Amino acid sequence: TTNALKTKDITMSTTSSMPQEVLDAIQKLDDTDQDTVTAYIDKLKGIIDEKDAELLAFKDADDAKAMDTDELAAEEEDFPPLYKNGEDYEAASEHKMKATDLKNEGKWEEALEEYNLAVQAAPPSALLYANRATVLLKLEKYKAAERDCDEAIKENPDSAKALRVRGKVLKAMGEWEKSLHDLSASQTIDFDEDTVADLKEVQEKVKEIEHAKVQEKLEKEEKMRKRAEEIKKAQEEAKKGEASSSSARSSDEGMPGGGFGGGMPEGMPGGMPGGMGGIMEMLQSDPELAAALQNPKVLSVFSEMMSGGAPDPAKMQAAMADPEVGPILQKLMTKIGGAMGGGGMPGGGMPGGGVGDDIPDIGGGDDGDFDDLPDLE
C-alpha cells in the first residue's frame with residue numbers, strides 16, 4: 001500500500017507522461033529503488049529540456065541565417081560586373097581618373113559607375129578592384145566589396161590595400177576573427193595609421209569572443225562534473241540502500257522466529273533445534289531477549305560457548321562475567337530452565353538456572369589452601 005501511494009505521488013509529479021508499463025514496473029520496486037529510479041528520470045528530463053532549448057536556439061539561428069542568406073542573395077543581384085573581355089586601356093585609364101575624383105568628393109554612386117566602366121574596359125589590376133571595393137564599402141554593399149577584395153588578392157596576394165579593405169568589410173559584417181587576420185596582415189605589409197583604431201577595436205572584440213568561449217567551455221565542464229557527481233552519489237546511495245536491505249534480510253533470515261542461524265545451537269537443552277517453536281516463541285515474546293538475540297556480540301558469545309556441541313562451563317562463566325552478555329545469559333537460561341521443567345543446561349552446567357555450581361572453587365575461602373596439592377617438581 002505504501003509503495004502504491006508513493007508511486008501515485010511520483011506519477012503525478014515526475015512521471016506523468018510515462019507509459020503505464022513503466023509506472024507498473026516502478027511500483028514493484030521498494031522505496032529506496034523507487035527514489036533512485038525517479039531521481040535518475042528527473043535528471044534525464046532535465047537533460048532533455050536543456051537539449052530542447054539548445055535545438056530551439058539552433059533553429060532560431062538557422063532561421064536568422066536563412067534570412068541573412070536571402071538578404072545577401074538580393075544584394076548579389078546588385079553586384080557590379082567583373083571583367084569579361086576588352087583591352088581598351090586608354091578608356092580604362094580615363095574612367096579610373098574620373099572615379100578617383102568622384103571618390104575624393106564623396107560621390108560614391110557616381111564613382112562606382114566609373115569604376116565599373118574601367119573594370120570592363122580592360123583587364124583590371126588588384127588596385128582597381130581594391131579601389132572599387134572601397135566605394136562599395138562606403139555604400140554598405142559588403143558582400144560585393146568582399147568579392148572585389150577577393151579578386152584583387154587573386155591578382156596580388158600581397159595587396160595591402162585589398163587586405164585592409166577586406167578587413168574593414170569583415171569588421172562591418174561582424175566577422176571579427178577573419179577581420180583581425182586581414183587587418184594584421186595588411187599592417188605587416190604596409191603600415192597605415194588610419195587602420196590602427198580599426199585593428200584595436202577588432203582585437204578587443206576577438207578577446208571578448210575568446211573569453212566567452214573559454215567561459216562557455218568551463219561552464220559546460222562544470223555542468224558535466226556536477227552531473228557526474230550527482231549520478232555517482234545516486235549510485236552510491238542506491239548501493240547503500242541495497243546493502244542495508246540485504247543486511248536486514250540476512251538478519252531476518254538468520255533468526256526465523258528468533259534463534260541462532262535458523263535455530264538454537266545444538267547442545268542447548270535436548271539440542272533445542274530451531275523447530276522447537278514453543279520455546280522460541282516464548283523467547284521472542286520477551287522484548288529484552290528478542291532484542292538481545294539480534295545483538296551480534298551476544299550471538300558471537302553464545303556460538304563460542306556452544307562451539308563444542310555442549311555448553312562450555314569455563315566459557316559460560318566468562319560470559320556471565322561480561323556486563324553486557326551476563327544478564328542476558330542469566331535471563332535466557334532462567335527462561336529455558338523454566339520451559340524445560342527446571343532441568344537447566346545439560347551436563348549440570350546451570351542447574352536450576354545457576355551458573356557453574358559444579359565447577360570446584362579453587363580461588364578463595366578457608367578451603368582455598370593449596371598446601372595439600374602434591375609437589376610436582
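Any chance you could tell me what percent of the C-alpha pair distances in region 141-229 go past 22 Å?
39 percent
Structure shown: which of Lys168/Lys207; Lys43/Lys178; Lys232/Lys297; Lys107/Lys207 lie over 29 Å apart, alpha-carbon to alpha-carbon?
Too far apart for the 29 Å limit: Lys43/Lys178; Lys232/Lys297; Lys107/Lys207.
Report the calculated FRET efficiency for Lys331 and Glu229 (r = Cβ-Cβ distance, R0 = 45 Å), to the nearest 0.05.
That gives a FRET efficiency of 0.35.
Based on the mean of other beta carbon atoms within 10 Å per residue, what is the order of 215-224, 85-94, most packed first?
Highest to lowest by the protection proxy: 85-94, 215-224.
What accessible area, in Å² to the nearest ten, does a 1.4 Å probe give for Asp49?
Asp49 exposes around 100 Å² with every protein chain in place.
Which of rounded, prolate, oblate describes region 110-164, given a ≥ b ≥ c as roots of the alpha-carbon gyration tensor eigenvalues and a/c under 1.5 marking rounded, otherwise prolate only if a/b is larger than b/c?
Verdict is oblate for region 110-164.
Among 207-214, 300-307, 231-238, how do they line up from the highest to the lowest mean number of other beta-carbon atoms within 10 Å?
300-307, 231-238, 207-214
The values are calculated or read from the model by the stated rules, or taken from the named source; none is laboratory data. Predicted model only: the values in this text are computed from it and were never measured. When we count neighbours, we look across all protein chains shown, and the Cβ atoms used for this are built from the backbone with ideal geometry, even at glycine. Ligands, DNA and RNA are stripped out before the accessible areas are found, and what is left, the full protein with its side chains, is counted by its heavy atoms. Shrake-Rupley method; radii C 1.70, N 1.55, O 1.52, S 1.80 Å.
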